[in-house]
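Participant: Here it is, the structure in full.
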Amino acid sequence: MTTILLTGTPGVGKTSVAKRFSSIYNYKYINLNEFSKKYIIKYDSERETYIVDLDKVKDELRKITENNNYIIESHISHFMDGDFVIVLRLDPKILMERLKIRGYKKKKIVENIEAEILDVCLVESIEVHGLNKVYEIDVTNKTIQEICEDIFRIISDKNYRKKFKPGNVRWLEKYYNLMSNLRKNI
Ligand SMILES: Nc1ncnc2c1ncn2[C@@H]1O[C@H](COP(=O)(O)OP(=O)(O)OP(=O)(O)O)[C@@H](O)[C@H]1O
Ligand SMILES: [Mg+2]
């Protein structure tokens, strides 16, 4: 059985892609944000987030995923156990527009754009799983269907997956100026 962990900065398209992927291929879908709600420990009012018992979530998921193929998506899915960790990467300028449309506050937009430029999900994924399991897809200008096909080929074709090894996406080179003026530009 195969478990795919789909991760990336909020807004890159994880939910859209994972739902489509599970409808095309023989994979069950889990939205980890929803799933984790059963394991909330407390509310952190300063950070405006819920604190979740991630070890418990991980244990539960380990049991559930034993007998089927799963695609698990969330910006924290890379903290779970899995066979492949796929990080979706999106051009920060396009991501910024998506987050503005969502009505995110300026502070939250800045945090997320910085996280995308600085490869936060990718780096965390490598820290947790090592280099061998982690792949990144630049989804900029790709359709959801094309992204699903990329994911399928990554998990099933050893040669194809090589071009998705970490290191191909380098937003900082492209957006050094945007990064340094981010707070002024929004
Ligand atoms: N490949 C794509 N091309 C064009 N639009 C896309 C694509 N993927 C996602 N979108 C759009 O971008 C928006 C964000 O997508 P989605 O909600 O799937 O992101 P997410 O990564 O799940 O975000 P979050 O982490 O906040 O849950 C949606 O409006 C979706 O329709
Ligand atoms: Mg989502």
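Participant: In the range 117-140, how many residues are in a helix (DSSP H, G or I), within 15 Å of ligand 2 (Cβ to nearest atom) and in contact with a Leu (Cβ under 6 Å, 6 or more places away or on another chain)?
Facilitator: Number satisfying all stated conditions: 0.
Participant: Condition first: within 17 Å of the chain's Cα centre (by Cα), more than 15 Å from Gly8 (Cα to Cα) and not polar (S, T, N, Q). Can you find one or more residues in the range 153-164 that meet it?
Facilitator: Within the range 153-164 (the criterion being within 17 Å of the chain's Cα centre (by Cα), more than 15 Å from Gly8 (Cα to Cα) and not polar (S, T, N, Q)), the answer is yes, since at least one residue qualifies.
Participant: Are there any strands (runs of 3 or more DSSP E) wholly within the range 29-91 with 2 or more residues that are under 19 Å from Glu124 (Cβ atoms), and if so which?
Facilitator: Output list reads 49-52, 70-73, 84-89.
Participant: Would you confirm whether or not the range 12-26 contains a residue that is under 23 Å from Glu124 (Cα atoms), assigned to a loop (DSSP other than H, G, I, E, B), within 16 Å of ligand 1 (Cβ to nearest atom) and at pLDDT 95 or above?
Facilitator: So far as the range 12-26 goes, yes, one or more of its residues are under 23 Å from Glu124 (Cα atoms), assigned to a loop (DSSP other than H, G, I, E, B), within 16 Å of ligand 1 (Cβ to nearest atom) and at pLDDT 95 or above.
Participant: Follow-up question, since we're still on this one. Within 22 Å of Ile154 (Cβ to Cβ) and either more than 16 Å from ligand 2 (Cβ to nearest atom) or modelled with pLDDT under 95 (or both), is that true of Asp91?
Facilitator: Yes, satisfied.
Participant: Gly167 is checked against (1) touching a helix residue (DSSP H, G or I) at 6+ places or on another chain (Cβ under 8 Å); (2) assigned to a loop (DSSP other than H, G, I, E, B); (3) not charged (D, E, K, R) and fails just one. What number does that condition carry?
Facilitator: In the conditions (1) touching a helix residue (DSSP H, G or I) at 6+ places or on another chain (Cβ under 8 Å); (2) assigned to a loop (DSSP other than H, G, I, E, B); (3) not charged (D, E, K, R), Gly167 misses (1) alone.
Participant: Continuing with the same structure: I'd like to verify a number: residues in the range 139-160 that are at negative phi and surrounded by fewer than 17 Cβ atoms within 10 Å (Cβ to Cβ), how many?
Facilitator: Of the residues in that region, 13 qualify.
Participant: How many residues does the range 34-81 contain that are of a type in the set (D, E, K, R), within 16 Å of ligand 1 (Cβ to nearest atom) and either in contact (Cβ under 8 Å) with a residue 24 or more places away in the chain or buried (at least 17 other Cβ atoms within 10 Å of the Cβ) (or both)?
Facilitator: 1
Participant: Now a separate question. Taking the range 141-161, which residues are in a helix (DSSP H, G or I), more than 16 Å from ligand 1 (Cβ to nearest atom) and either without any contact (Cβ under 8 Å) to a residue 40 or more places away in the chain or basic (Lys, Arg) (or both)?
Facilitator: Arg153, Ser156, Tyr160, Arg161
Participant: Further question: Test Tyr104 against the criterion of being within 16 Å of ligand 1 (Cβ to nearest atom), in contact with an Asp or Glu (Cβ under 9 Å, 6 or more places away or on another chain) and among the hydroxyl-bearing types (Ser, Thr, Tyr), and give yes or no.
Facilitator: In short, no.
Participant: Being within 12 Å of ligand 1 (Cβ to nearest atom) and surrounded by fewer than 24 Cβ atoms within 10 Å (Cβ to Cβ) is the filter here; which residues of the range 1-10 pass it?
Facilitator: Pro10
The values are calculated or read from the model by the stated rules, or taken from the named source; none is laboratory data. All values reported here derive from a predicted model rather than from experimental measurement. Every residue, glycine among them, receives a Cβ derived from its backbone with ideal geometry; neighbour counts consider all protein chains shown.
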